[in-house]
Amino acid sequence: MLGMFCIRALSSLTRLWTATHIKLLHSLPGITVAQIDEEVAKLLQLKARLGGDEGKHQYVLKTAKGTRDYNPKQMAIREKVFNTIISSFKRHGAETIDTPVFELKETLTGKYGEDSKLIYDLKDQGGELLSLRYDLTVPFARYLAMNKITNIKRYHIAKVYRRDNPAMTRGRYREFYQCDFDIAGQYDAMIPDAECLKIVYEILSQLDLGDFCIKVNDRRILDGMFAVCGVPDDKFRTICSTVDKLDKVPWEEVKKEMVNEKGLSEDAADQIGEYVSMRGGMDLAERLLQDQKMSQSKQACAGLSDIKLLFSYMHLFQITDKVVFDLSLARGLDYYTGVIYEAVLTQAGVAAVSSETQNGAAGEESVSVGSVAGGGRYDGLVGMFDPKGRKVPCVGVSIGIERIFSIMEQKAEASAEKIRTTEVQIMVASAQKNLLEERLRLVTELWNAGIKAEVMYKKNPKLLSQLQHCEESGIPLVAILGEQELKDQVVKLRVVATREELDIPRADLISEIRKRTSAA
């Protein structure tokens, strides 16, 4: 009886053994539980060897958490953004480099403060402990030290990786591009720093993302402020990381973390709270230089003097209408040593800054909807990699391309404007059958002349289908061939937008296409 049951069971091996099947076996007379378990085990082994459908791995078609694909329309928007950013970098005389996507783990360790936990570590690869790069700044500093470079103005656009909790709707990912511009070298104070801010101003203005505000501060001012407020030296960096959260959480929560988690006294936290609420321009720097507490810190006074100098250069660069001196700006990365800055977009209808005053102050508090650029001075980072500790002063900025792209994508979706995903200038079409060879000859002439042209991959396509393809793809011109046109040595040129048609001599076609597409 048991053998008969097994034969029947073998005929349906593609089914899973559920609790119902086991219950059915228990109801059969003369069969023990041990026999059931033994036979079930045999059947499962046989099923595994035969490889039923249930044994196949069920793939989930999705991208990894914190990553995304980009369709042609999205890539067209992205390319436009990249071109705008690169044009600004090149306008300011930058050259470009590239570095590996992963670095030795020890290269990245200890450079990012509390954010070091977000570094992606790789498995041991032939004796080397490696990590995916967290940003482009530390690899740049390693590059300078390794190649003994003391003077360069460079830009670098590449992907970086962070084990962050992604908020993809707000442009936060685990894999994302950074667009960095940095000036390395010994120069007079604040001139390169002001140029970095000018670049941020240019890019955000040209991308037309909406109103924005560039916050500036100085790590020396922060450290001096911590000192005069009674923060122990060994808590400077950790308190700085907490202050850096003020753009995301209210002061009450920041203070709670300082006191309850970081062990700071409530009195010291309250003093810090008074300072980090201050915003202004050159006038605020002058006022703080006269402040009873701040004036006691040489470090803070040096930073405040540089902020004043920075505002004077920014005034000459005509960008002070968007810049505010904000004492709450901290930027949590450990390697910053001087001026720091961050650009944020502000909500519609909320003024980012007040109208420019005589000294370039920006006063009104704005409502931030997200950082789109950040950077600062890091004079000691290269020296951390140099065997002799030789320092190369550096200042730079990183453009938050992913958040900018998210905004541009939303604007494109809301707009009725059609986004072209190709740059084809003309479609070579035929009005009759059996003209494939003539179409291929003409499209070859156009390609050889550097014209961006396309032809349908059918021997005898319908003219209507070819014209519809041009309208859908945004191709502006159509070169139509027919038997009569071939006899007359002309090409019928059709303007897709107006449906205007005119006969162009074959010899003049290339110059006519160039004239019409350059005008567009």
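Across region 147-156, coupling constants 3J(HN,Hα) worked out from phi with the 6.51/-1.76/1.60 Karplus curve, θ = phi - 60°, read 9, 6, 8, 10, 8, 6, 10, 10, 10, 8 Hz, and Gly and Pro carry x. 3J(HN,Hα) couplings calculated from phi for region 503-518 with the Karplus curve 6.51 cos²θ - 1.76 cosθ + 1.60 (θ = phi - 60°) are, in sequence order, 7, 10, x, 3, 5, 9, 4, 4, 5, 5, 5, 4, 5, 6, 7, 6 Hz; Gly and Pro show x.
Among Lys111/Lys245; Lys73/Lys322; Lys198/Lys248, which pairs are too far apart, with a Cα-Cα distance over 23 Å?
Check vs 23 Å cut-off fails for Lys73/Lys322; Lys198/Lys248.
Estimated purely from DSSP H runs of n ≥ 4, each contributing -39500 (n - 2.57), the mean residue ellipticity at 222 nm for the chain is -12000 deg cm²/dmol once divided by its residues.
Largest first, the residues Val228, Val323 sort by 1.4 Å accessible area into Val228, Val323. Projecting the Cα atoms of Ser473, Met190, Asn147 onto the dipole axis of the chain, where Lys and Arg carry +1 and Asp and Glu carry -1 at the beta carbon, places Ser473 farthest toward the positive end.
How would you classify the chain from its alpha-carbon gyration tensor, with a ≥ b ≥ c the square roots of the eigenvalues: rounded for a/c under 1.5, else prolate if a/b is greater than b/c, otherwise oblate? Oblate. By the Stokes-Einstein formula, at 1.002 mPa s and 20 °C, region 363-500 with its Kirkwood radius over alpha-carbon pairs has D equal to 107 µm²/s. Partners of Lys65 within straight-line reach, counting aspartates and glutamates whose Cα lies under 14 Å from its Cα and excluding those fewer than 8 residues away in the same chain: Asp164, Glu175. Lysine pair count for region 396-520 with Cα-Cα distance under 18 Å and sequence separation of 8 or more or different chains is 9. Amide H to amide H distances under 5 Å link Ala429 with Ala479, Ile480, Leu481, where only residues 5 or more positions off or on other chains count and H is placed in the peptide plane. Taking chymotrypsin sites (Phe, Trp or Tyr not before Pro) in DSSP loop conformation with at most 16 other Cβ atoms inside 10 Å as exposed sites, the chain has its longest uninterrupted site-free stretch at 318-456. Rounded to the nearest 5, the antiparallel percentage of DSSP beta bridges internal to region 95-207 is 90%.
The aspartates and glutamates within cross-link reach of Lys153, meaning a Cα-to-Cα straight distance under 18 Å and a gap of 8 or more places when in the same chain, are Glu95, Asp98, Asp135, Asp180, Asp182, Asp188, Asp193, Glu195, Glu202, Asp379.
Could you look at region 217-325 and say what percent of its accessible area is carbon and sulfur, using a 1.4 Å probe and all protein chains? Summing carbon and sulfur atoms, their accessible area is 47 percent of the total for region 217-325.
Each Lys and Arg adds +1 at its Cβ and each Asp and Glu adds -1 at its Cβ; summed about the Cα centre, the chain shows a dipole of about 1860 debye.
Here's how it looks for Asp218: its modeled amide H is under 5 Å from those of Ile340, which are all 5 or more places away or on a different chain.
On a per residue basis, region 171-227 carries 28 Å² of accessible surface, using protein heavy atoms and a 1.4 Å probe.
The values are calculated or read from the model by the stated rules, or taken from the named source; none is laboratory data. Note that the structure is predicted; figures quoted are calculated from it, not measured. Cβ atoms come from the backbone with ideal geometry, glycine included; neighbour counts cover every protein chain shown. Note: accessible area is taken over every heavy atom of the protein model, side chains too, but ligands, DNA and RNA are not part of it. Shrake-Rupley method; radii C 1.70, N 1.55, O 1.52, S 1.80 Å.
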